[in-house]
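So the structure is just underneath, and the comments pick up after that.
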Amino acid sequence: MTLVREANIIVKDHRKMDLKVVIAYPSTYRAAISTLSIHMLYYYLNSYENVVAERTVLDLGRISTSYISLESKIPIKKYDMILFSVHYELDYINIVDILYNSGIPLYSKSRGGKDPIIIIGGPTVTANPEPLAELADIIVIGEMEQPLETIVNEYLSSHSKRDFLDRLVGKEGFYIPSYGRHYVRKSWVKDSTLKSAITPIEQIQPLEEKYYPIYGRAYLIEISRGCGFGCRFCLLDYISRPPRYKDYKLILNSISEGIIRNNVDKVVLVSSSPLSHPKAKLILKYIVDELQLQLSIPSLRADTLDEEVLHLIHRGGQKTLTLAPEVAVDKLRMALNKKIPNTLFFNVVKCAWNTGFRKLKLYFLFNVPGETKNDLNAIPKVISKLAKIGYNYTGAIHVTLNPLIPKAQTPLQWMPLPSLEEIRYKSKYLKSILRSNIVKLDILNPKLSYIQMVLSLGDRNTLKLITKWFTYGKGLSGWSRALREEGTLVKNIIKRRLDEPLPWDHIDLGLGKEYLKIEWDLYSKCETTPPCTTGCSRCKLCGELG
Ligand code: SF4
């Protein structure tokens, strides 16, 4: 039995396997199980007869001397490969934790042929792999489909670790840091209907309620990749272009089979902007009206919602509407290239109220370049207008406020970093002006936001900070001590000139630095750029679509 009681687990005889992999998620079990990519990795790798893939997670995988696999309870050191799927910069330290506490040498140069091969993938390392470069034998740049197939095939036919790495270097999607900072082109599914993307039908289902995924037990499906709206702060937009929409029939068939094989009555649409799918309404009607299932869509854009869609989502059992206005004034929102004016936002909220949504969840950013005190003061004014619409009772509006974390490979990679004091001051100020029983307010700890900024834009030296932080305990005081000792490493991250080489310049996501410079210039002029459309050739990626 696994460490957690689960359905749809794959058990294989390790003695008959040619490749044994651990999928490591450097965060909690619940976060892992709520992440579609874990299910994709698990079912894809286990589809090979001679490959076994098991899992470990931060909170449940550790016994006194090692992290172990959830399935076989074998120390992860004994596997051929450890594949880390990382989605959040603040989880980087947990990769160090998992390796260190499993007795695996941290640095790739210190590991020998008998140690597991360490592979790291995910959105943040796709944009900027450098902070983790010295830990990894391989960093996957881009989408997982083609690299996974290549990893399995080349591993099975190689005769040593060096031979294996030699075979990968130079191929699309593979960064092998031990070969230096070499050029890497991202790997992506070049099929406009995503038929060749991994769509796992069976998914791991925890059977104990305390381990249920964040959205409850459900079938997760990705109906599109990339959104193409071009919000200038959004990592997922910039790394996942061009937008692609999964084949309609494939979606319907996967859902009808998925709910049976997983024994669930809920579907979660996991995509950046699912309602941009050309057949979104038909998909929603199929789920809610035809199959009579519950529906959850965690990420919604106000300009993709109308009365009919809101009714469908509400009938699907979602009672809280989640929107991300990001900022409270149109001018800054246009600078961010999120072309949703306040008038449209308020109309959608009015419509949501009339439809029966009685709670709102709103995401706001602060520390946006060019922001003034008046822009911050506009946030409570937005709340007052929402209260007039009807959201005027205790806890009606859940506001999450985070400082903007600039991401590599987006136009905002050139924004100057604020000081910790600035973030603290603004957090405190926003807390004071948003004090109201209508609002439930969450603000990320200022120091954690600052750490996230440093890790997001860091270079190879950043690993020194991460390992010291780990050595001094993973808490905030441990970070302060590490920063006192290695503070000079952060100085060159604080402001980067446009003509300066960047640590991730060798990573080619297909957009080009000149394109990002134009977008950064348009940001300062508060001018917008049209979304991705058919026939566009601004960044050349679409030319590669099949
Ligand atoms: S070529 Fe145009 S439409 Fe295609 S990904 Fe680039 S910007 Fe978007």
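The values are calculated or read from the model by the stated rules, or taken from the named source; none is laboratory data. As the structure is a prediction and not an experimental result, all values here were calculated from the model. With ideal geometry, Cβ positions are generated from the backbone for all residues, glycine too; neighbour counts draw on all protein chains shown. When the accessible area is computed, the model is the full protein with side chains, heavy atoms only, and any ligands, DNA or RNA have been set aside. Shrake-Rupley method; radii C 1.70, N 1.55, O 1.52, S 1.80 Å.
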From GLY478, GLY473, GLY510, residue being assigned to a loop (DSSP other than H, G, I, E, B), touching a helix residue (DSSP H, G or I) at 6+ places or on another chain (Cβ under 6 Å) and either on the phi < 0 side of the Ramachandran plot or open to solvent by less than 40 Å² (accessible area, probe 1.4 Å) (or both)
GLY510
Quick check: is even one residue across region 483-496 of a type in the set (Asp, Glu), surrounded by 16 or more Cβ atoms within 10 Å (Cβ to Cβ), more than 16 Å from the ligand (Cβ to nearest atom) and not in a loop (DSSP other than H, G, I, E, B)?
yes
Grab the helices (runs of 4 or more DSSP H) fully contained in region 339-443, keeping just those with 2 or more residues being under 26 Å from the mean Cα position of the chain (by Cα).
420-433
Considering residues that are touching a His at 6+ places or on another chain (Cβ under 8 Å) and more than 17 Å from TYR88 (Cβ to Cβ), the number found within region 117-169 is 1
Those residues that are polar (S, T, N, Q), open to solvent by 50 Å² or more (accessible area, probe 1.4 Å) and near the ligand (Cβ under 9 Å from one of its atoms), I need them from region 513-546; list them, please.
THR533, THR534, SER537
Take TRP504 and decide whether it is assigned by TED's automatic domain parsing to the domain that holds LYS331, touching a residue at least 24 places away in the same chain (Cβ under 8 Å) and within 16 Å of the ligand (Cβ to nearest atom).
no
In region 287-298, what residues are under 16 Å from VAL264 (Cβ atoms) and open to solvent by 30 Å² or more (accessible area, probe 1.4 Å)?
LEU291, GLN292, GLN294
For region 349-359, which residues satisfy the criterion of being among the hydrophobic types (A, V, I, L, M, F, W, C) and surrounded by fewer than 22 Cβ atoms within 10 Å (Cβ to Cβ)?
CYS351, TRP353, PHE357
Can you pull out every residue in region 443-465 that is farther than 26 Å from LEU365 by Cα and hydrophobic (A, V, I, L, M, F, W, C)?
LEU463, LEU465
Looking at (1) open to solvent by 50 Å² or more (accessible area, probe 1.4 Å); (2) basic (Lys, Arg); (3) closer than 16 Å to ARG217 by Cα, which is the one condition that is false for LYS281?
(3)
Do we have THR193 as outside any helix (DSSP H, G or I), away from the ligand (no atom under 16 Å from the Cβ), under 22 Å from the mean Cα position of the chain (by Cα) and surrounded by 15 or more Cβ atoms within 10 Å (Cβ to Cβ) here?
no
Across (1) within 23 Å of CYS234 (Cβ to Cβ); (2) of a type in the set (Val, Ile, Thr); (3) away from the ligand (no atom under 16 Å from the Cβ), THR471 clears everything bar (1)
Given the conditions (1) closer than 23 Å to LYS190 by Cα; (2) without any contact (Cβ under 8 Å) to a residue 60 or more places away in the chain; (3) away from the ligand (no atom under 16 Å from the Cβ), and given that VAL270 satisfies all but one, which numbered condition is not satisfied?
(2)
